[in-house]
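Student: Structure incoming, see below.
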Amino acid sequence: MKIGSSIRLLIMQIGLTAFTLLILVYSQVGSVFATSSTSNVLANVVVSSVCEISLAPNAITFGNVAPGTFHPTNVLVTDSNNGNANANSIDIEGTNWILTSSVNFGVSNTTYNMVSSSSAITGVQLSNTLTPVTGSVVPAGGSNTIYFGVNVPVAQAAGTYTQNIILENSC
Amino acid sequence: MKHGSAGLRLAPFLFLAFSIFSLSYAQFGEVAGPVNFNVTLGSSQTLNMTIVNTGNSAVKFVATLGYLSTVINETAPNITISPSNGTVAGHTQETLAITVHMPSTDTPGTSWIGIVSVAEVSNSTPIGGGAYLQAGVAKNISIVASKPVGSIVPYVILAVLLIILAAAIWYYTRNRKQALLRSEKKAPIPAAAVERRVKRGATGKAAANKRGARGRRRSTRRSSRKISSSSSAKRSRAKRTAR
């Protein structure tokens, strides 16, 4: 009987110790959860780059040109890109030279070049299909130049002819 | 060919080429980045192109397909741009949807390159002569025809059918086995079979001698003894009960 009661006492003591430990652990964990904390979340957004175009001048005059003669490829047009992305190329196309619906001459009589030339023949002939101008990168915040000229066909009727030239920056 | 004084002498054929245009300095641009289409045969894909007007004045524009390469023996994909024209107010942007429809007859892997052109349209009309310059933005596009992905539905149906078939076979074989077991348990040993066994025990010795199988002979002997001993025991038990 005496041994039994001492065992019971031992068990009670062990139980009491375990309970105390449990309370202690719980209080510690609880204090961890109860503590308020602050953390920073870093947000970022990438705004896409843009390339732009601005032409100066936006009209070019070749003056008086006799039939069978040419204006050299030296009329300057500046293509500016005020965007923050490089324009990988300048694409170009044009229309026929029109006096009236029945009197006109071909778009290919207009020539262009990246450098000024004393001849129209050395320039590239303009076409009515959008074509990249070779080596015509327009850097972001920078500009590039194109020179234009015109050949007037032989025996072309006199008059004031007009043409549209489209210059486009691509990025 | 000469220019200058020679031309001036030919008065009737002179060109008066000058121009008067209103100058606008709107900043027209586009969001950078490639536009690459991978279009399944017989279907369409739409990608966007964004144009921006960073200037103060509104810009009228017209959007067209400026260029598309050609591939021999292949039908060119159909390209539409929406909207194809409009006005972008100052400091705003406009998103254009470029849709490519790939003909089903084209070969997978065929590729095209093209340029989508968005040109500024000026309100001014050339009064004089000369070349009028229009600014614009262009987007290079690439298009690749891809093979259509096979539907998963036939494979699912096939899998379900196989599962059903397997289940049916398993169920059939299982039932057959159970039926066999049941029939074996239920069927009583016929009396004729018992008699045959007893006879075999009696005549077994001779048969075993003939075959010369020693082991078989022993077992036959043992079984005959068992049968005879059991029958004598039964007889004695019957006598005892009669008494």
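Student: Being farther than 30 Å from A:N104 by Cα, outside any loop (DSSP other than H, G, I, E, B) and open to solvent by 80 Å² or more (accessible area, probe 1.4 Å) is true for just one of B:L96, B:L181. Which residue is that?
Tutor: Unique residue meeting the criteria: B:L181.
Student: Residues being more than 22 Å from A:T95 (Cβ to Cβ) and assigned to a strand (DSSP E or B): count how many of those fall in the range A:113-168.
Tutor: Residues meeting the conditions: 4.
Student: Among the residues that make up the range B:144-157, is at least one of them touching an Asp or Glu at 6+ places or on another chain (Cβ under 6 Å), touching a residue at least 40 places away in the same chain (Cβ under 8 Å) and open to solvent by less than 60 Å² (accessible area, probe 1.4 Å)?
Tutor: Within the range B:144-157, one or more residues are touching an Asp or Glu at 6+ places or on another chain (Cβ under 6 Å), touching a residue at least 40 places away in the same chain (Cβ under 8 Å) and open to solvent by less than 60 Å² (accessible area, probe 1.4 Å).
Student: A further question follows. Within the range B:184-214, take every residue that is exposed (fewer than 10 other Cβ atoms within 10 Å of the Cβ) and outside any helix (DSSP H, G or I) and give me the one that is modelled with the lowest pLDDT.
Tutor: Top of the filtered list is B:G212.
Student: If you don't mind, there's one more thing I want to ask. Scan the range A:16-39 and tell me whether some residue there is at pLDDT 70 or above, more than 30 Å from A:G159 (Cβ to Cβ) and in contact with an Asp or Glu (Cβ under 9 Å, 6 or more places away or on another chain).
Tutor: no
Student: Let me ask another. Those residues that are open to solvent by less than 10 Å² (accessible area, probe 1.4 Å), under 25 Å from the mean Cα position of the chain (by Cα) and either free of Cβ contacts under 8 Å to residues at least 24 places away in the same chain or at the interface with another protein chain (Cβ under 9 Å from one of its Cβ atoms) (or both), I need them from the range A:123-166; list them, please.
Tutor: Across the range A:123-166, the qualifying residues are A:L130, A:I165.
Student: Here is a follow-up. Restricting attention to the range A:39-65, and to residues there that are loosely packed, with under 10 Cβ neighbours inside 10 Å and of a type in the set (A, V, I, L, M), which single residue is farthest from the other protein chains (Cβ to nearest Cβ)?
Tutor: A:V41
Student: For the range A:75-106: of the residues being open to solvent by 10 Å² or more (accessible area, probe 1.4 Å) and β-branched (V, I, T), which is farthest from B:E120 (Cα to Cα)?
Tutor: That would be A:V103.
Student: If you take the residues in the range B:63-79 that are hydrophobic (A, V, I, L, M, F, W, C) and touching a strand residue (DSSP E or B) at 6+ places or on another chain (Cβ under 9 Å), which one is least open to solvent (accessible area, probe 1.4 Å)?
Tutor: B:A63
The values are calculated or read from the model by the stated rules, or taken from the named source; none is laboratory data. Here the structure is a predicted model, which means the values were calculated and not measured. All Cβ positions, even for glycine, are placed from backbone atoms using ideal geometry, and neighbour counts span all protein chains on display. All accessible areas refer to the heavy atoms of the entire protein, side chains included, with ligands and DNA or RNA removed. Shrake-Rupley method; radii C 1.70, N 1.55, O 1.52, S 1.80 Å.
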